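Okay, so here's the structure we're looking at.
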Amino acid sequence: MLRGMKSGRPQRPTRHGLARVLSKRGLCSRTEAARWILAGRVALAGRVVRDPEFPTTADAQIRIDEQPVDVAQPIYIALNKPRGLVTTASDERGRDTVYRCLDGAGFPWLAPVGRLDKASEGLLLFCNDPQWAARITDPAQGPGKTYHVQVDCIPDAGLPAALVSGVDGADGVLRAGAARILRTGARNAWLEIELHEGRNRQIRRLLEAFDVGVLRLVRVAIGTLALGDLPKGAWRPLSEDEIRSLDPVSPTQ
């Protein structure tokens, strides 16, 4: 056979761990899938499998509690997160979580797309599409995030440029993608800061490096998707155009 020619053999489908396959179908988180598998609730091709890493394919015949499961209908929503809620499904300290805002909605499993810390508020996305979520949160390819930040002082006119230049942090250089002063009052001011990556408490740590404290931090946009007039604690589904605007490779619903 000439070099470079293919043998004509069919390529084997890509195999992943069973827990990952369940997660990718939008049925649950990978952690929850592993619990189901270890509990003996999951059967693959008619046989109970108790190993979350058991290799299988995306189109495998899977049953949970003897019921066949397929790919879940994709769901994408936007929430106006109130201050004081933690972005997690359950909290070991018993604090209220963002899922309180979804009570009674009847959704299947949904996961936050990125995070907002307890003291922060504003636009937070949820979906059951792990691949879409990974692209949205990718620091190199994902959309930028825009925040309005109330600070505890009247900032120097040079602060926005300094925030973009950045400072050295314990986990590398902290910097804003863009920054400007929105308005000033008698004792404090509002800044607009855009980020292209999502490190823990990034804006707060960046401003602390310039001895500036944060009074409020509100995420007002992700890419072209604006928080708008969505009431605090309320959610709404994303339109097909909004889903594609955040991630152009998204399929239509």
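What follows draws every value from the coordinates through simple rules; no lab data is involved. Note that this is a predicted model, so its numbers are computed, not measured. As a convention, Cβ positions derive from the backbone with ideal geometry for all residues, glycine included, and neighbour counts pool all protein chains shown.
When the Cα atoms of the range 68-109 are enclosed in a convex hull and the volume is divided per residue, what value in Å³ results?
104
log10 I(q)/I(0), Debye, Cα-only the range 145-222, no solvent, q = 0.16, 0.17, 0.20 Å⁻¹?
-0.50, -0.56, -0.79
Counting each DSSP H run of 4 or more residues in the chain as -39500 (n - 2.57), what helix-only mean residue ellipticity at 222 nm follows after dividing by all residues, to the nearest 500 deg cm²/dmol?
Helix contribution divided over all residues of the chain: -4500 deg cm²/dmol.
Go ahead and set up a Gaussian network model of the chain, Cα springs under 10 Å, then flag whichever of THR14, THR88, THR146 fluctuates most.
Evaluated over the chain, the most mobile residue of the options is THR14.
Which one, LEU44, LEU225, LEU116, has the greatest fluctuation when you compute a Gaussian network model over the chain with C-alpha springs under 10 angstrom?
Looking only at LEU44, LEU225, LEU116, the largest GNM fluctuation is found for LEU44.
Taking every pair of alpha-carbon atoms in the range 15-68, what share in percent sits in each 5 Å bin, from 0 to the bin with the longest distance?
5, 25, 39, 29, 3
Once the dipole of the range 7-157 is set up with Lys and Arg at +1 and Asp and Glu at -1 on Cβ about the Cα centre, which of ALA39, ALA105, THR56 lies farthest towards its positive end?
Positive-end residue among those listed: THR56.
For the range 100-151, just say rounded, prolate or oblate: build the C-alpha gyration tensor, square-root its eigenvalues into a ≥ b ≥ c, call rounded for a/c under 1.5, and beyond that prolate if a/b exceeds b/c, oblate if not.
Because a/c hits 1.5 or more and a/b fails to exceed b/c, the range 100-151 counts as oblate.
Between ALA60 and ARG201, with labels modelled 7 Å along Cα→Cβ, what's the label distance in nm to one decimal, could you check?
4.1
Under the 0.36 nm per residue contour assumption, what length would be gained going from the current alpha-carbon distance of ALA157 and ARG187 to full extension?
9.3 nm
Given Cα pairs under 8 Å that are at least 6 residues apart, what percent is the relative contact order of the chain?
Working: 472 pairs, mean separation 46.6, N = 253.
Result for the chain is 18 percent.
Using r as the Cβ-Cβ distance of ALA105 and ALA39, and R0 as 30 Å, what FRET efficiency do you calculate, to the nearest 0.05? Write down the numbers at each step before the final one.
Details: r = 26 Å, r/R0 = 0.88.
Rounded to the nearest 0.05, the efficiency is 0.70.
So, in the chain, how many Lys pairs have Cα atoms under 29 Å apart, if the pair is 8 or more places apart or on different chains?
Counting lysine pairs in the chain gives 9.
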